[in-house]
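Input: a single structure, listed below in structure tokens.
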Amino acid sequence: MAESTTRTEAFSDGVFAIAITLLILEIRVPEGGVAAGGHLATDLLHLWPSYLAFLMSFFVILIMWVNHHELMRLVRVVDYQFLFANGFVLLVTTFVPFPTAVLAAHLATDEATTAAAFYCGTFLLASIAWGLLLLSIKRRGRLKRGADTLAVQRITRAYAAAPFVYAIAAAVAFQNAVAGLVINMSLWILWVRLCYRSSRPDEPVPHES
């Protein structure tokens, strides 16, 4: 089986949209307030771990969606191997709201290091999934004809290095939650700046159906 990427992109977009929407459900409305002898403003401020975890994961899933969109521009056809590799990426993406909730619940507690390590470990798994997806694209002629070789090499190096950085982040997080999360987030710069298109204007990646 080999077909165009249209249905795969549409399905993947839907999964990313659901995953990023589920994040907000983890921010609970304060149950206290004046009636319980408290103050709503204080209760809202106490939710800072939830706000932080939400913002981090929202931005990460947004970056993942953008990178998936750009990566699909390199794909000529899809087959079963590619679909299952893409499914692995989507599996990890839909899992992200859970470690986000764990981080939000424990970031301000003594269990912060474990929660942060679990959070960073999730993106270690995600980086492996993305690496397998790229590998499935590069094999058996799935790359579009005329795809920029330098761009593909640049993407391959970035995907190969990411698991090691995420593994370091998870290990560091067991000792220091903030340091681990900072290392984890440092890869945002890489993913935002990673160029999937030709760096040479005279050699654009062709658009094929």
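The values are calculated or read from the model by the stated rules, or taken from the named source; none is laboratory data. Predicted model only: the values in this text are computed from it and were never measured. So basically every Cβ, Gly included, is an ideal-geometry build from the backbone, and we count neighbours across all protein chains shown. Only protein heavy atoms, including side chains, enter the accessible area calculation; ligands, DNA and RNA are left aside. Shrake-Rupley method; radii C 1.70, N 1.55, O 1.52, S 1.80 Å.
Multiplying the sequence separation of Thr94 and Phe59 by 0.36 nm and subtracting their Cα-Cα distance, what value in nm do you get? Don't skip to the answer; put the middle values down first.
Numbers: separation 35, 0.36 × 35 = 12.60 nm, distance 1.44 nm.
Result: 11.2 nm gained on full extension.
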Relative to the longest principal axis of the chain, what angle (0 to 90°, nearest 10) does the C-alpha long axis of helix 149-173 take?
20 degrees
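Could you do me a favour and compute the accessible area per residue for the chain, 1.4 Å probe, result in Å²?
On the way: 11130 Å² over 209 residues.
On a per-residue basis, 53 Å².
From the protein chains alone at 1.4 Å, what is the descending order of accessible area for Thr114, Thr6, largest first?
Values: Thr114 70, Thr6 95 Å².
Result of the area sort, largest leading: Thr6, Thr114.
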Most positive-pole-ward Cα, Phe16, Phe98, Phe58, against dipole of the stretch 1-152 from beta carbon charges:
Phe16
HN-Hα couplings for the stretch 96-111 via Karplus (6.51, -1.76, 1.60; θ = phi - 60°), in whole Hz with x for Gly/Pro, come out as 3, x, 5, x, 5, 5, 5, 4, 4, 6, 10, 4, 9, 10, 6, 8
Long-range amide H partners of Leu143, meaning residues 5 or more apart or on another chain whose placed amide H is closer than 5 Å, are Arg76
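Share of the stretch 55-203's accessible area from carbon and sulfur, percent, 1.4 Å? Working shown, then result.
On the way: 4840 of 7010 Å².
Result for the stretch 55-203: 69 percent of the exposed heavy-atom area is carbon or sulfur.
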Under a 1.4 Å probe, counting only protein heavy atoms, Lys138 has an accessible area in Å², nearest 10, of 90 Å²
Candidate residues Cys120, Cys195: accessible-area rank, largest first, probe 1.4 Å:
Cys195, Cys120
At 1.4 Å probe size, what's the solvent-accessible area of Glu26? Round to the nearest 10 Å².
60 Å²
In whole Å, what three semi-axes, largest first, describe the equivalent ellipsoid of the chain built from its Cα gyration tensor (square root of 5 times each eigenvalue)?
37, 18, 14
Students often get this wrong: which residues of the stretch 82-108 have the backbone nitrogen under 19 Å from the point 7 angstrom along Cα-to-C-beta of Val66?
93
Using a simple spin-label model with points 7 Å from Cα along the Cα→Cβ vector, what separation in nm is obtained for Leu125 and Ala171?
2.1 nm
Would you rank Arg142, Arg157 by solvent-accessible area, highest first, keeping every protein chain in place and using a 1.4 Å probe?
Arg157, Arg142
Tell me the angle of helix 80-95 to the major Cα principal axis of the chain, expressed in degrees between 0 and 90 and rounded to the nearest ten.
20 degrees
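So how do 39-48, 182-191 stack up, highest first, on mean other-Cβ count within 10 Å? Write out the running numbers ahead of the final one.
Numbers: 39-48: 12.8, 182-191: 15.4.
Per-residue Cβ counts within 10 Å, averaged per peptide and sorted highest first, yield 182-191, 39-48.
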